[in-house]
1. Just name the residue that is surrounded by the most Cβ atoms within 10 Å (Cβ to Cβ) out of those in the stretch 67-87 that are within 14 Å of residue 176 (Cβ to Cβ) and within 21 Å of the chain's Cα centre (by Cα).
2. Which number in (1) surrounded by 12 or more Cβ atoms within 10 Å (Cβ to Cβ); (2) within 24 Å of residue 205 (Cβ to Cβ) marks the one condition that residue 64 misses?
3. Within the stretch 178-211, work out how many residues are in contact with a Gly (Cβ under 7 Å, 6 or more places away or on another chain) and either part of a helix (DSSP H, G or I) or among the charged types (D, E, K, R) (or both).
4. Considering the stretch 154-188 alone, what residues qualify as being hydroxyl-bearing (Ser, Thr, Tyr), surrounded by fewer than 19 Cβ atoms within 10 Å (Cβ to Cβ) and touching a residue at least 40 places away in the same chain (Cβ under 8 Å)?
5. Looking at the structure I just gave you, is residue 91 over 26 Å from residue 160 (Cβ atoms), modelled with pLDDT of 90 or more and out of contact with any Cys (no Cβ under 7 Å at 6 or more places or on another chain)?
6. Under 6 Å by Cβ, and 6 or more places apart or on different chains, what pairs join a residue from the stretch 1-26 that is in a strand (DSSP E or B) with one that is aliphatic (A, V, I, L, M)?
7. For the subset of the stretch 27-36 comprising residues that are in a helix (DSSP H, G or I) and of a type in the set (S, T, N, Q), which member is surrounded by the fewest Cβ atoms within 10 Å (Cβ to Cβ)?
Amino acid sequence: AELRGVCAVIFDEFHERHLYGDIGLARCLLLQKQTRPDLSLIVMSATLDGDELLRYLGTAHFIESEGRTYPVGTEYLQRAQRDREIWDVAAGVVAAEFPKTTGHTLVFMPGAHEIARTISAVRAVLPGGVSIVPLHGELPPAEQDAAVAPARDRKVIVATNVAETSLTIDGVTLVVDSGLARIARFDPRRSIDTLHIERISRASADQRAGRAGRTEAGRCIRLW
């Protein structure tokens, strides 16, 4: 395809690096070189290694925008807790840190199952009346809207990586990051994509931490 009628292709959040994005960019570069020199390509990310990408693209302009952010302190677990489920570890951290914060808490988990278990674990250790809500792509739109809507009272949002880059939740001052995500990988034996729980990249971890510094200074606690 020569993308007739298309003047520009944008690759957003390119740091996430998946097969479709890599092949798509390679195909567009080839198309641009062979028959569509007028085609504009834009590769975007808040945590991209710009120098390395420039070497790959060959001739390109590098545009950097310094958005307003607040400092985020990053902490790690003092010791590994391999004998406990990740949702129990997260609940313990939320219970310990909730009284020290003033805004919302955002907990990152890999999928809907882990989110449900985390919500149960957090509800058992926090005072009654605290709103604890899920956020993932399988929820009805109304429930997704409730998770991201501004709220006067503090709440705990337990989310997949949909909250990493796709949207902003105002008022988050504490991020608790499991360091895990469900990633689609191609299974050559079955010729289908399958979901695997994997450790996130450094770029994704930085993106998640930044959610705590959108409206004021915050903290990120990484569960590893």
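The values are calculated or read from the model by the stated rules, or taken from the named source; none is laboratory data. Computed from a predicted model, the values in this text were never measured in an experiment. Here the Cβ is made from the backbone with ideal geometry for all residues, glycine too, and neighbour counts use every protein chain on show.
1. My answer is 87.
2. Here residue 64 clears every test but (1).
3. The total comes to 3.
4. Our first condition is that a residue be hydroxyl-bearing (Ser, Thr, Tyr); within the stretch 154-188, this holds for 160, 165-166, 168, 173, 178.
Next, from what is left, pick out any that are surrounded by fewer than 19 Cβ atoms within 10 Å (Cβ to Cβ): 166, 168.
If the condition is that a residue be hydroxyl-bearing (Ser, Thr, Tyr), surrounded by fewer than 19 Cβ atoms within 10 Å (Cβ to Cβ) and touching a residue at least 40 places away in the same chain (Cβ under 8 Å), then 168 is the only one that fits.
5. On the way: over 26 Å from residue 160 (Cβ atoms): no; modelled with pLDDT of 90 or more: yes; out of contact with any Cys (no Cβ under 7 Å at 6 or more places or on another chain): yes.
For residue 91, the condition - over 26 Å from residue 160 (Cβ atoms), modelled with pLDDT of 90 or more and out of contact with any Cys (no Cβ under 7 Å at 6 or more places or on another chain) - is not met.
6. Listed by first residue and then by second, the contacts come to 9/41; 10/42; 11/25; 11/43.
7. Filtering the stretch 27-36 down to residues in a helix (DSSP H, G or I) leaves 27-34.
Subsequent filtering for residues that are of a type in the set (S, T, N, Q) retains 32, 34.
Working: 32: 16, 34: 9.
Out of the qualifying residues, it is 34.
Okay, residues lined up against (1) in contact with a Pro (Cβ under 8 Å, 6 or more places away or on another chain); (2) within 24 Å of residue 91 (Cβ to Cβ):
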{"site": "140", "(1), (2)": "no, no"}
{"site": "145", "(1), (2)": "no, no"}
{"site": "148", "(1), (2)": "no, yes"}
{"site": "163", "(1), (2)": "no, yes"}
{"site": "171", "(1), (2)": "yes, yes"}
{"site": "176", "(1), (2)": "no, yes"}
{"site": "185", "(1), (2)": "no, no"}
{"site": "201", "(1), (2)": "no, no"}
